[in-house]
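Below is one structure, written out as structure tokens; comments come after it.
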Amino acid sequence: MNRTWMIYGANGYTGNLIAELAAKRGLTPILAGRNKEKIQALAKKLQLESRVFPLEQLDQLTAGLSGVDLVLHCAGPFSKTSSLMIEGCLKVGTHYLDITGEINVFEHVHSNEVAERAIRANIVLCSGVGFDVIPTDCVALKLKQLLPSATHLSLGFDSDSGISRGTFKTMIQGLASGSAQRQDGVITEFPLGTKSRIIDFGRGSKTAVAIPWGDVSTAFYSTGIPNINTWIPMSPTKMHATRVLNKFKPVIASSIIQRFLQKWVDTKVSGPSLSSRQNSPAFIWGEAHNPKGEKITVRIKTANVYTLTIYGALEVVTRLLNQSVPSGSYTPSSLFGPELIESLPESEAFQIS
């Protein structure tokens, strides 16, 4: 049976790359978004169907989703767009996937109310089917399987990848809040740049800083581990600069400054080139320990951040369209297991120590 699916936000940097690989593989997604000129031009280039509709009007949204079995939502910032698209999917019975890494979006998807509505609507909701958070989420569940008694989980990654316009906008929003971790099952915030440690992500020990990565939310739903923190490499100089920025949070958070920075991104940021993506793999790391002091570390080398998002999103789309999955809210690893990351092109096998 042929299933119909859609990429919403196909004209964005990552959405465009996903659409191009989908077409190359012979897949036929509907390309959708709010920018008529760009969406139709891309659809013509790839010889695919297109639809143009906004998210804010529920009647227009549900009409746009008519006849669609699954939507891959790629239009950020997801903190502003995902709940709108999810509402439309719940109304018409369309599976929902996105490529976000935003903690508040994950918390919304996994809230009891939304999860129960997904079950009643007989659909699957799964946020984070890109680099945010497939690799770290899969490492988290692998660690839980290896050490079922784990009470503390640390996750992180190291990559020289460039940055897309959408990711840059999300980072700007994040500057207005701070870092985050999960303590005893509860997400708590703390100032950026104030927690550091030495980590070997897979290519030598580096100074790392705690960041508000999506696994602070998702890894809890994947594993049940109550204490979770997330890390990336950062030099002491940059950590100091980050701590200085904390003093200006009220200014950065103002709507005027946020609008100015978002417009600056639109004019100055495009996204990493193909050569950049081909020459900057990602190194994923995770560590779990229990009250007895037992500790296990898992590492895996994967494709570039953005390339992995393309591979991961298309893999989850294909599996979900061709497999029978009970309805509800999922993380990538709870949907298809920790081996999902090993199955993606350019991914190596888990290294356990």
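The values are calculated or read from the model by the stated rules, or taken from the named source; none is laboratory data. These figures come from a predicted structure and were not determined experimentally. Here Cβ is always computed from backbone atoms with ideal geometry, including for glycine, and neighbour counts include all displayed protein chains.
Within the range 129-184, the only residue that satisfies the criterion of being modelled with pLDDT of 95 or more, touching a helix residue (DSSP H, G or I) at 6+ places or on another chain (Cβ under 7 Å) and over 23 Å from L335 (Cβ atoms) is Q181. Might you let me know whether the range 206-222 holds any residue that is at pLDDT below 90, among the charged types (D, E, K, R) and either more than 17 Å from the chain's Cα centre (by Cα) or farther than 24 Å from R299 by Cβ (or both)? Within the range 206-222, none of the residues are at pLDDT below 90, among the charged types (D, E, K, R) and either more than 17 Å from the chain's Cα centre (by Cα) or farther than 24 Å from R299 by Cβ (or both).
Looking only at residues in the range 292-310 that are in contact with a Ser or Thr (Cβ under 6 Å, 6 or more places away or on another chain) and not polar (S, T, N, Q), which one is surrounded by the most Cβ atoms within 10 Å (Cβ to Cβ)? Here the answer is L308. Filtering the range 291-308 to residues that are within 18 Å of A140 (Cβ to Cβ) and hydroxyl-bearing (S, T, Y) leaves T297, T302. Taking the range 282-307 as the range and being at pLDDT 95 or above and of a type in the set (V, I, T) as the test, the residues that pass are I284, I296, T297, V298, I300, T302.
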